[in-house]
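Below is one structure, written out as structure tokens, with a few remarks after it.
The values are calculated or read from the model by the stated rules, or taken from the named source; none is laboratory data. Nothing here was measured: the structure is a model prediction, and the numbers come from that model. Positions of Cβ are generated from backbone atoms using ideal geometry, with glycine treated the same way; all protein chains shown enter the neighbour counts.
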């Protein structure tokens, strides 16, 4: 364990110190994206939790593609903080987190049964971040099995001769989800389950939205610097209009069942450059990045939005095709 400065690790001119590890070689340290752009508020809240969890876990909620997971992994990468990552699902059991008895190869070329620690046990033992994505897809009864651990109590593993794992001082639990654990009233996300109220009481919450136009412009400029400014700004406008129709307004479900994440936006921009010079490159790239997985009606709606935003640029490409 060591201490870094925020300026040294993240480039913000802030006189703050953060925890981390000196060892950069651990295989569980997430891979760093050098072009990643941190949002100041998001970074502030993540670092505050990592520094002083105060017997809490952290629950990050937000729409699909808003950067919940990547924000955590990019922070961990710069702090050399290993992370045990998994994606929850409806059939996930507590044993998937704790570990199980498995058949493994021995040194003599044969096999033997032994207990293999799961991501929770390893994170507690070695001081890693346990990162559970899509946590609201999990069975709330299974997740409630984490309650004692989240309060700082040791993990007891009866299957491994009653092994007791005391929580490492650097052990942290972070989960992400499209809801806040209270179910999905919008109907946008399939499989979302209402979580146990007592379990949710052990989390502090963060809400993450989509990046601002200025932030996404900087992201695209870093990722595809050769993209013309007018094309970049039009793509961001299209993305925000798609998101508005996806999220809906004033508690009402949106009219689109798909959205454009920042990841998809970058994909669209990259593909546009890949097909540069080909007929209707912007539209063809949009199909590959997003609209080929939409229904016919939704694809037509997104194409109309794009034509209106791009104006003459889109029409010129259509005529060239």
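Points to keep in mind about this one:
- Residue 256 surrounded by fewer than 19 Cβ atoms within 10 Å (Cβ to Cβ) and in the same structural domain as residue 312 (by TED's automatic domain parsing): no
- None of 214, 250 is farther than 21 Å from residue 312 by Cβ, modelled with pLDDT of 90 or more and surrounded by fewer than 17 Cβ atoms within 10 Å (Cβ to Cβ) except 214.
- A search for C-beta distances below 6 Å between a residue of the stretch 295-311 that is assigned by TED's automatic domain parsing to the domain that holds residue 282 and without any contact (Cβ under 8 Å) to a residue 60 or more places away in the chain and any residue that is part of a helix (DSSP H, G or I) and crowded, with 18+ Cβ neighbours inside 10 Å, counting only pairs 6+ apart in sequence or on different chains, returns 299/291; 307/314.
- Among strands (runs of 3 or more DSSP E) entirely within the stretch 27-117, having at least 3 residues that are under 28 Å from residue 243 (Cβ atoms) singles out 57-61, 83-87.
- Among the candidates 228, 279, the residue that is surrounded by fewer than 15 Cβ atoms within 10 Å (Cβ to Cβ) and under 20 Å from residue 308 (Cβ atoms) is uniquely 228.
- For the stretch 158-192, a tally of residues being part of a loop (DSSP other than H, G, I, E, B), modelled with pLDDT of 75 or more and either closer than 20 Å to residue 90 by Cβ or not assigned by TED's automatic domain parsing to the domain that holds residue 145 (or both) returns 4.
- Hey, residue 134 modelled with pLDDT of 90 or more, at positive phi and surrounded by 17 or more Cβ atoms within 10 Å (Cβ to Cβ) or not: yes
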